[in-house]
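What follows is a short report on a single structure.
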Amino acid sequence: MRSQKIFVLPDGRLYGGSGDYSEVRAVLDWLSCGGAKPESLKQFSALLIAQDGQAYRLEERLVPLPMAAPHACGSGRDFAIAAMALGQTARQAVELAMQFDPWTGGEIMTLTLDNALVS
């Protein structure tokens, strides 16, 4: 079963996680509500997009690392980054990654910084 892994945070930032769904949700709760950082993240990486468009990568230690565009996370990230570097949209990049990576799949969802969910 596939689950939603991209979200608009209460402060308007975008968050997209990859890996174990329970870890993606634990980090979502921490980013949304604060409190103690989730611990023992083993199969997790994410992108956090600030309102100014700056992308940050989050991994197990949850330290936001600034990333240059284009960027992606998850098992199909290399395919997606290459596709975007060659001018494809994020949606097209995921479609390409789905062709070559057996763990990339499901319904493609995109978010924009204006908080509009686009299917």
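The values are calculated or read from the model by the stated rules, or taken from the named source; none is laboratory data. Just so we're clear, the structure is a prediction, and the values are computed from it rather than from any experiment. Cβ placement follows ideal geometry from the backbone for every residue including glycine, while neighbour counts extend to all protein chains displayed. The protein model used for the area step is the full one, side chains on, heavy atoms only, and it has no ligands, DNA or RNA in it. Shrake-Rupley method; radii C 1.70, N 1.55, O 1.52, S 1.80 Å.
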Short to long, in 10 Å steps from zero, the percent of alpha-carbon pairs of region 1-42 per bin is 28, 57, 15
Helix 90-100 sits off the longest principal axis of the Cα atoms of the chain, rounded to the nearest 10 on a 0 to 90 degree scale, by 70 degrees
About its Cα centre, region 1-63 carries a charge dipole, from +1 on Lys and Arg Cβ atoms and -1 on Asp and Glu Cβ atoms, whose size in debye to the nearest 20 is 140 debye
Per the C-alpha gyration tensor (a ≥ b ≥ c, the square roots of its eigenvalues), region 25-74 is rounded if a/c is under 1.5, else prolate if a/b beats b/c, else oblate; here it's oblate
For the THR89, ALA50 Cβ pair and Förster radius 22 Å, calculated FRET efficiency rounded to 0.05 is 0.60
Ranking TYR56, TYR21, TYR15 from most to least accessible area with a 1.4 Å probe gives TYR21, TYR56, TYR15
Residues whose modelled amide H sits under 5 Å from the amide H of MET67, counting only those 5 or more places away in sequence or on another chain, are ALA55, TYR56, ARG57
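Which shape class, rounded, prolate or oblate, goes with region 61-104 when its Cα gyration tensor gives a ≥ b ≥ c as root eigenvalues, a/c under 1.5 marks rounded, and past that a/b bigger than b/c marks prolate?
Oblate.
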At R0 = 25 Å the Cβ-Cβ FRET efficiency linking ASP114 and SER40, nearest 0.05, sits at 0.10
In region 1-79, the GluC sites (Glu not before Pro) that sit in a DSSP loop and have at most 16 other Cβ atoms within 10 Å of their own Cβ are GLU39, GLU59, GLU60
Heads up, the chain by the C-alpha gyration tensor (a ≥ b ≥ c square roots of eigenvalues; a/c under 1.5 rounded, else a/b over b/c prolate, else oblate) looks prolate
Measuring from the longest principal axis of the C-alpha atoms of the chain, the long axis of helix 21-33 (C-alpha) lies at a number of degrees, nearest 10, equal to 60 degrees
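Using a 1.4 angstrom probe with every protein chain in place, what is the largest-first accessible-area order of LYS5, LYS42, LYS37?
LYS42, LYS37, LYS5
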Rounded to the nearest 10 Å², the 1.4 Å probe accessible area of THR112 is 50 Å²
Under a 1.4 Å probe, counting only protein heavy atoms, ASP78 has an accessible area in Å², nearest 10, of 110 Å²
